[in-house]
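Let me begin by presenting the structure, written as structure tokens, before commenting on it.
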Amino acid sequence: MKEKIYNVMPIFIQNLTCTLKGSIEKNRRLGGNFPKYYQQLLKSQFLSEQEINDFQVNKLKNVLIYCNENIPYYQKIFKKLNFIPEDVTSIKDLEKLPILTKEDVRNNYEELINPNFNDKVLHSHTSGSTGKSLKFLFSEDAVQYRWALWFRHKHRFGIEPNDAYATFTGLAAIPLNQKRPPYWRENYAMKQTIFTMHHINRDTVPYIVERLNKGGFKYYSGYPSILYNLAVIIDDLGLEMKRPPKVIFTGAEALLDYQREKISNVFNCLVTDQYGFSEGCGNASRCEHDLFHEDFEYGILECHKPIANSDGTYTGDVLATGFTNLAMPFIRYQVGDTATWIDKKCECGRESKAIIQVNGRNEDYVITPEGNKILRFDYIFKDTDSVFESQIVQKKLGEIVIRIVKRNNYTDKDEKNITHLVHSKISPNLKVFYEYVSEIEREATGKFRAVKSYIK
Ligand SMILES: [Zn+2]
């Protein structure tokens, strides 16, 4: 209903609506304790390894004591295990506690809520790759802390909280049936110009580039799949980016290598991202040297059941214990991702734990006949410029369907080549089928899924 009314409003009223919403949102993000947290975080990122450890042990102890006093779910668990939070002296003590799965959160939702919490609370949820969403509560203060953290990441690349930016989103800020420019909306409160994926195509992009070239945008932020599509079209049409942003931050989906390369080339700037999840109990942000550093002030990211790799790195499930969201604290929460950690002194000088790669963000995977789980296929398409977009779908064990949006130069040879790469790099026994489509539909949230599995 709201959307229907919005869609028939004149554009300047739509801009005003975006601005009003933006003004409320800005206050929610950058109000309250945001300035204080932001300043603290800018300094604390350079603490020494020992100081970081002391900080985390102290925070962990306090959070566990707090949970023991306030959260029925943890009171029960601690009592059963005879666990005394006051005795915590090391991060390793976490291992005495059980893992919190998504199913545990669903089944114990009421008991995980802090009944004594007076601060204002927001209802949030994740979308989840299987369509099964997860509800949880988030305190307003925790929202501000998280934005301070996210702006600390941006600060590493020369961006400040009030800088003008362009957002590329899957949300429907522009009526779908609009056929004339402007293909964007303005949120003056946040100096944000909003572009949506539904209006990025060969007809609209020349106008979009004109708007981007008018400039004033210090940075862009958005889904990598949308920015990638835009970059491909700009390149195809031979349009020129006259005033590139300083930096592009991607989010919501994993940033694939080929996307990063293309976006970086076309917009002539650095592309970076961070590792986070809506549950807000852990985060890691890339530094200037491209490593993800654990945002240790925000929570602990444990590497569960680590497997040592030959290059000295180690890979395991991500478990997150948050420090800031006291409305519904998550302890040892199984995010559903795996990541690869590295013991290395980073040249940037930060000494918090470092992650080189996040191997899946609640993403689907393909199971090969040999039983391997394959999360990423992007390197199969890395050297071909004849595929606009692709998606791997698995409905049956032993076979996959590759859905492809062709570009004009796509030939039978490309198909043979892709099959060959799948057989040589992924599995010689995996049957490969093709489906050629004009577009690949997005999830309800606008997210693009590179791999979709119907095998559960
Ligand atoms: Zn670093």
>> Between Glu3, Glu51, Glu25, which is surrounded by fewer than 17 Cβ atoms within 10 Å (Cβ to Cβ) and at pLDDT 95 or above?
In response: Glu51
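Quick one: which residue in Leu171, Leu176 is more than 24 Å from Leu270 (Cβ to Cβ) and within 20 Å of the chain's Cα centre (by Cα)? Steps first, please.
Values: Leu176 fails: within 20 Å of the chain's Cα centre (by Cα).
Checking each option against the conditions leaves just Leu171.
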>> List pairs: first residue in the stretch 337-349 and closer than 20 Å to Cys281 by Cβ, second residue near the ligand (Cβ under 9 Å from one of its atoms) anywhere in the structure, Cβ distance under 9 angstrom, at least six positions apart or on different chains.
In response: Ala339/Phe292; Trp341/Ala354
>> Take the residues in the stretch 199-221 that are open to solvent by 10 Å² or more (accessible area, probe 1.4 Å) and in contact with a strand residue (DSSP E or B) (Cβ under 8 Å, 6 or more places away or on another chain); name whichever of them is farthest from Tyr165 (Cα to Cα).
In response: Ile200
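Would you confirm whether any residue within the stretch 131-142 is modelled with pLDDT of 95 or more, open to solvent by 50 Å² or more (accessible area, probe 1.4 Å) and closer than 24 Å to Glu297 by Cβ?
Checking the stretch 131-142: not a single residue is modelled with pLDDT of 95 or more, open to solvent by 50 Å² or more (accessible area, probe 1.4 Å) and closer than 24 Å to Glu297 by Cβ.
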> Just a yes or no: is a residue in the stretch 102-117 part of a loop (DSSP other than H, G, I, E, B), open to solvent by 60 Å² or more (accessible area, probe 1.4 Å) and farther than 30 Å from Pro206 by Cβ?
Replying inline: yes
> Where in the stretch 318-419 are there strands (runs of 3 or more DSSP E), lying fully within it, with 2 or more residues that are within 16 Å of the ligand (Cβ to nearest atom) and open to solvent by 50 Å² or more (accessible area, probe 1.4 Å)?
Replying inline: 354-358
> Could you list, in sequence order, the residues of the stretch 291-317 that are at pLDDT below 95 and in a loop (DSSP other than H, G, I, E, B)?
Replying inline: Asn309, Ser310, Asp311, Gly312, Thr313
> Could you count how many residues in the stretch 428-456 are more than 29 Å from the chain's Cα centre (by Cα) and not in a strand (DSSP E or B)?
Replying inline: 3
>> Any residue at all in the stretch 69-77 that's within 24 Å of Glu95 (Cβ to Cβ) and among the acidic types (Asp, Glu)?
In response: yes
> Which of the residues that make up the stretch 436-455 are open to solvent by 80 Å² or more (accessible area, probe 1.4 Å) and either acidic (Asp, Glu) or farther than 13 Å from Val393 by Cα (or both)?
Replying inline: Ser438, Glu439, Glu441, Ala444
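Being open to solvent by less than 40 Å² (accessible area, probe 1.4 Å) and part of a loop (DSSP other than H, G, I, E, B) is the filter here; which residues of the stretch 169-181 pass it? Let's see the steps before the verdict.
At the first step, the residues of the stretch 169-181 found to be open to solvent by less than 40 Å² (accessible area, probe 1.4 Å) are 169-170, 173-175, 178.
Listed by number, the residues that qualify are Gly170, Ala173, Ile174, Pro175, Gln178.
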> Right, Thr89: assigned to a loop (DSSP other than H, G, I, E, B) and modelled with pLDDT of 95 or more or not?
Replying inline: yes
> How many residues, within the stretch 285-305, are more than 16 Å from the ligand (Cβ to nearest atom) and touching an Asp or Glu at 6+ places or on another chain (Cβ under 9 Å)?
Replying inline: 5
> Among Phe34, Phe12, Phe83, which is the only one that is open to solvent by less than 40 Å² (accessible area, probe 1.4 Å) and free of Cβ contacts under 8 Å to residues at least 40 places away in the same chain?
Replying inline: Phe83
> Among the listed residues Leu255, Leu230, which satisfies the condition of being away from the ligand (no atom under 16 Å from the Cβ) and without any contact (Cβ under 8 Å) to a residue 60 or more places away in the chain?
Replying inline: Leu255
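Quick grid of which residues meet (1) of a type in the set (A, V, I, L, M, F, W, C); (2) out of contact with any Phe, Trp or Tyr (no Cβ under 8 Å at 6 or more places or on another chain):
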site: Ile24; (1), (2): yes, yes
site: Leu30; (1), (2): yes, no
site: Phe46; (1), (2): yes, yes
site: Gln56; (1), (2): no, no
site: Tyr66; (1), (2): no, yes
site: Lys76; (1), (2): no, yes
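The values are calculated or read from the model by the stated rules, or taken from the named source; none is laboratory data. Nothing here was measured: the structure is a model prediction, and the numbers come from that model. Backbone-built Cβ (ideal geometry, glycine too); neighbour counts: all protein chains shown. For the accessible areas, the whole protein counts, side chains as well, though only heavy atoms, and no ligand, DNA or RNA atoms are used. Shrake-Rupley method; radii C 1.70, N 1.55, O 1.52, S 1.80 Å.
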